[in-house]
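S.K.: Sharing a structure with you now.
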Amino acid sequence: MGPWHHGQEIADGSTLGALKFNSDTALTFRQEILRPFLDHYLKDDAPKMDVALVTAFETGTNTWRRLSSWPAGCASGCTVKPTPLYFNAGLKMTFGGPKSGDASFEEYVSDPAKPVPFRARPTRPTGYDNGLTWPLWLVDDQREQSGRPDVLAFTSDVLTAPVKISGEPIANLIASTSGTDSDWVVKLIDLYPDEVAGQPNMGGYS
């Protein structure tokens, strides 16, 4: 599992949009995972294959992890313990549950005639031609959407220690609508500081 858009594993994998990984992850995949795998099954004299059941690139630490399974797998010796995050009053997100007396809900008005776009406008045609950006939608800056009146953006305090997010997140959402039906989308987003040393364009990136 690499940090790529569709087909990027055969090209340069050192970046995805504005994100930089400090190495060509696609080249590492081709040389250290794909090549030994193909040699093992296609060549009679190939050396013994040493490919993990799951090999996943961990962004943030920019490290390849050898795992026993996915999505619940982790490196040898670790235990998987889900950590809950809570929506709290004042559009705050915390690792602790709501306090007694806190507001029990947030609300907004959604107009089906003006839906929240999943990409920043102007929306460009799909394709691989130079200048087209659709392969990068996974890392699109979300600030435009978070400023809409029909989007609720809960924000945590600045983290004081590293937090690892991997596997399969689960959102427990209790909601009601005055309409006949609704769709809710929950996103867990990494918010960069206002200033990022060496990468001014990443200041405030969401």
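S.K.: Residues being aliphatic (A, V, I, L, M), under 15 Å from T55 (Cβ atoms) and over 20 Å from the mean Cα position of the chain (by Cα): count how many of those fall in segment 1-36.
M.R.: Looking only at that region, the number is 3.
S.K.: Given the structure, is V163 loosely packed, with under 14 Cβ neighbours inside 10 Å, β-branched (V, I, T), at pLDDT 90 or above and not in a helix (DSSP H, G or I)?
M.R.: Considered against the rule, which asks whether it is loosely packed, with under 14 Cβ neighbours inside 10 Å, β-branched (V, I, T), at pLDDT 90 or above and not in a helix (DSSP H, G or I), V163 comes out as no.
S.K.: Would you mention how many residues in segment 99-114 are closer than 30 Å to T180 by Cβ and either in contact with an Asp or Glu (Cβ under 9 Å, 6 or more places away or on another chain) or open to solvent by less than 80 Å² (accessible area, probe 1.4 Å) (or both)?
M.R.: Result for segment 99-114: 7.
S.K.: Something else now. Tell me which residues, restricted to segment 39-52, are under 23 Å from S23 (Cα atoms) and open to solvent by 60 Å² or more (accessible area, probe 1.4 Å).
M.R.: D50
S.K.: Just need a number here: residues in segment 1-31 that are open to solvent by 50 Å² or more (accessible area, probe 1.4 Å) and touching a strand residue (DSSP E or B) at 6+ places or on another chain (Cβ under 8 Å).
M.R.: 1
The values are calculated or read from the model by the stated rules, or taken from the named source; none is laboratory data. Everything numeric in this text was worked out from a predicted model, so none of it was measured. Positions of Cβ are backbone-derived with ideal geometry, glycine not excepted, and every protein chain shown enters the neighbour counts. Surface areas here come from the heavy atoms of the whole protein model, side chains and all, with no ligands, DNA or RNA. Shrake-Rupley method; radii C 1.70, N 1.55, O 1.52, S 1.80 Å.
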